[in-house]
Amino acid sequence: MHQGRPQTLKESHHVESRTDRSAFALDTKARALARVATPTTSRRSSATTKLARGLGWFSIGLGVVELLATRALARRVGLQGRESRLRVYGLREIASGIGILAAPHAAHRSGWVWARVVGDTMDLSTLREATEMPIPLRSHPVAAMVAVAGVTALDIACARSLQQEANAARQTTDYSHRSGIGGSPEQMRGAALVTFTQPVDMRAALPVDMSALVREQSS
Amino acid sequence: MKALCWQGKHDIRYETVPDPRIEEPRDAIIKVSSCAICGSDLHLFDGFMPGMEEGDVLGHEFMGEVVEVGSGNRKLKVGDRVVVPFTICCGECEQCQRGNFSVCERSNRNKEIADKTFGHATAGLFGYSHLTGGYAGGQAEYVRVPYADVTPVKVPQALSDEQVLFLGDIFPTGWQAAVQCDIQRTDTVAIWGAGPVGQFAARSALLLGAREVVIIDHLPDRLSMAKACGALTINFDRERVVERLNELTGGKGPEKCIDAVGMESHVGSTMDTFYDRAKQALMAESDRPHVLREMIYVCRPAGVLSIPGVYGGLVDKIPFGMLMNKGLSVRTGQTHVNRWTTDLLRRIEEGQIDPSFVVTHTESLANGPQMYKTFRDKQDGCIKVVLKP
């Protein structure tokens with residue numbers, strides 16, 4: 001690697017510190033749910049992994065229910081007549097669950113949890129269809145939507161947390177000496193303007209000082 | 001000869017293909033000395049660009065030595081050292097005469113397909129699908145260059161390959177992105193994406209006098225390279241982009257915004273990115289336009305959106321009402337490379353900028369398939385890969 005890297009440039013590799021990681025901010029509605037999974041310490045990283053594994057087992061369980069108790073589930077959530085779709089969703093849940101549990105590290109696990117998020121979106125879309133039809137007695141599609149939304153928030157929080165954990169664990173390279181410009185940023189600010197004319201077809205803004213134009217128009 | 005060939009999604013192979021030959025009098029054959037993998041090549045690698053066929057030779061950033069010249073070419077001679085811009089242009093059509101080289105009316109030999117896809121055809125491009133002419137690319141030992149009496153740029157021997165190679169695409173692309181903003185001394189320029197084009201856009205904005213340059217990404221190595229030219233950085237994993245940009249501009253938003261990300265916006269930072277990814281999985285949307293939405297939202301009214309990032313098809317939920325009511329100007333397009341090369345080559349020679357700063361990996365062409373993965377996955381601090389045939 002790096003056979004042709006310029007000799008004058010020396011990169012330093014470092015792994016981001018845990019203190020840096022503590023600055024990560026989650027901005028989803030699931031902030032509270034995710035708190036336990038924020039990778040600010042090794043203990044919490046472990047909690048993230050536990051949460052992901054929990055979601056993996058949950059996914060497999062839900063998938064099995066969707067496959068084996070399709071009709072009963074369809075009745076409960078108002079999806080009568082869509083049993084075959086529920087079975088496909090069941091297979092999807094099982095695949096996601098196995099993927100999460102079998103993933104070798106955080107980056108891969110994160111990908112499978114994101115796959116769950118995509119699946120959640122499909123579930124919500126299907127349940128929304130159920131709410132637009134007459135809702136049979138003892139069917140609760142809205143309650144099911146609320147439950148799926150809650151799990152979605154948890155999935156998002158977990159996936160982001162895993163992703164951040166993977167990013168933080170990634171070896172990074174410091175390129176802060178590679179400016180590529182012929183002097184300090186302050187010296188080079190506007191350096192091109194000496195010999196540069198803005199093309200006519202790419203003009204977009206008047207100068208910020210409009211006072212001369214205003215005076216001209218008012219006189 | 002050997003070349004990197006596209007064989008399908010995530011399948012690029014180092015293969016033997018027929019040598020190119022002169023087909024038209026204005027052609028030239030170039031022996032490639034250096035070529036690079038561009039961020040937009042990843043759209044082909046990831047299968048997001050239509051019009052690719054198995055066996056297509058990839059690559060649109062390359063340079064080398066002229067080894068054969070067509071009978072009608074009076075500009076080049078055997079032995080000339082040239083960089084070849086990725087946009088093929090005839091130099092004679094109405095668009096070329098206006099300097100709009102990336103929409104040359106004659107160089108796209110698959111005009112009928114392109115007309116159907118884009119309404120009207122754009123220029124031919126090297127190694128970038130049959131929608132743009134189906135020309136063999138430059139990640140190869142040799143390349144046929146059409147209209148070689150117009151397109152290639154002669155470069156002096158005194159400069160290294162790494163200093164001039166990027167005149168063929170990413171340096172002019174970053175430069176045009178900044179020029180399109182018509183930067184004023186009072187402007188804050190926000191740039192989404194700290195990849196190679198974002199890095200050049202940041203340096204171009206600085207050289208063109210921007211008061212402040214802010215670059216947005218989440219990869220620490222890329223952000224460290226952005227800081228090197230004095231740019232402020234926003235890590236979207238740690239900070240809210242809109243809030244931070246408003247803070248930096250007294251609540252008014254940046255005057256100029258540059259999208260150096262394009263169709264494969266990162267999934268995970270905001271809810272709309274999940275929506276796009278889900279729609280993409282269902283084949284209901286081809287591109288993920290999160291950056292476009294964010295730019296439209298945060299840009300100061302009457303500001304400019306400059307979009308060098310490549311988009312390939314359809315986008316959803318673009319807040320066009322916001323764009324209209326704020327009176328934003330949108331400038332985009334493939335780069336009119338030949339419009340800028342003479343000026344930028346002079347700036348390199350004068351020492352204003354040394355484009356080699358962006359090179360992080362140099363490998364043999366044979367290792368190209370692996371380097372596509374390294375670049376795509378941003379492993380090993382990879383920002384720009386140069387390949388040597």
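Structural remarks
- Tally, over the stretch B:255-298, of residues that are within 12 Å of another protein chain (Cβ to nearest Cβ) and either of a type in the set (Phe, Trp, Tyr) or in a loop (DSSP other than H, G, I, E, B) (or both): 10
- Qualifying residues in the stretch A:107-136 (those that are hydroxyl-bearing (Ser, Thr, Tyr) and in contact with a helix residue (DSSP H, G or I) (Cβ under 8 Å, 6 or more places away or on another chain)) - the one modelled with the lowest pLDDT: A:131
- Looking only at the stretch A:152-175, and only at residues there that are out of contact with any Leu (no Cβ under 9 Å at 6 or more places or on another chain) and under 19 Å from residue B:198 (Cα atoms), the one that is nearest to the other protein chains (Cβ to nearest Cβ): A:173
- Residues (over 20 Å from the mean Cα position of the chain (by Cα), buried (at least 22 other Cβ atoms within 10 Å of the Cβ) and of a type in the set (Asp, Glu)) located in the stretch B:9-68: B:27
- Residue in the stretch A:203-216 that is surrounded by fewer than 21 Cβ atoms within 10 Å (Cβ to Cβ) and at pLDDT 85 or above present: yes
- Residue that is surrounded by the fewest Cβ atoms within 10 Å (Cβ to Cβ), among those in the stretch A:82-106 that are out of contact with any helix residue (DSSP H, G or I) (no Cβ under 8 Å at 6 or more places or on another chain) and farther than 20 Å from residue A:152 by Cα: A:104
- Condition broken by residue A:138, with the remaining ones in (1) of a type in the set (D, E, K, R); (2) facing chain B (nearest Cβ under 7 Å); (3) part of a loop (DSSP other than H, G, I, E, B) satisfied: (2)
- Just one of (1) among the hydrophobic types (A, V, I, L, M, F, W, C); (2) closer than 30 Å to residue B:374 by Cβ; (3) modelled with pLDDT of 50 or more fails for residue A:23. It is (3).
- Residue B:312 meets each of the listed conditions (1) touching a residue at least 60 places away in the same chain (Cβ under 8 Å); (2) assigned by TED's automatic domain parsing to the domain that holds residue B:243; (3) assigned to a helix (DSSP H, G or I) apart from (3).
- Looking across the stretch B:103-150, the residues that are closer than 18 Å to residue B:311 by Cα, of a type in the set (Gly, Ala, Ser) and in contact (Cβ under 8 Å) with a residue 60 or more places away in the chain come down to B:123, B:127, B:129.
- Count of residues meeting criterion [surrounded by 19 or more Cβ atoms within 10 Å (Cβ to Cβ) and assigned to a helix (DSSP H, G or I)] in the stretch A:154-186: 14
- The number of residues in the stretch B:319-349 that are in a loop (DSSP other than H, G, I, E, B) and charged (D, E, K, R) comes to 1.
- The stretch B:151-254 holds strands (runs of 3 or more DSSP E) entirely within its bounds, and those carrying 3 or more residues that are among the aliphatic types (A, V, I, L, M) and more than 10 Å from every other protein chain (Cβ to nearest Cβ) map to B:188-192, B:212-217.
- For the stretch A:161-172, the condition of being in contact (Cβ under 8 Å) with a residue 12 or more places away in the chain, within 28 Å of residue A:72 (Cα to Cα) and out of contact with any His (no Cβ under 8 Å at 6 or more places or on another chain) holds for none of the residues.
- Residue, modelled with the highest pLDDT, within the stretch A:144-169, restricted to residues that are among the hydrophobic types (A, V, I, L, M, F, W, C) and over 19 Å from residue A:119 (Cβ atoms): A:166
- Filtered residue count, the stretch B:77-107, keeping only those that are under 19 Å from residue B:61 (Cβ atoms) and of a type outside the set (Asp, Glu): 13
- Residues of the stretch B:363-376 that turn out to be touching an Asp or Glu at 6+ places or on another chain (Cβ under 8 Å) and either at pLDDT below 95 or at the interface with chain A (Cβ under 8 Å from one of its Cβ atoms) (or both), as a count: 2
- Number of the exception - residue B:379 against (1) over 27 Å from residue B:220 (Cα atoms); (2) within 10 Å of chain A (Cβ to nearest Cβ): (1)
The values are calculated or read from the model by the stated rules, or taken from the named source; none is laboratory data. Being a predicted model, the structure only gives us computed values, none of them experimental. Cβ: placed from backbone, ideal geometry, glycine included. Neighbour counts: every protein chain shown.
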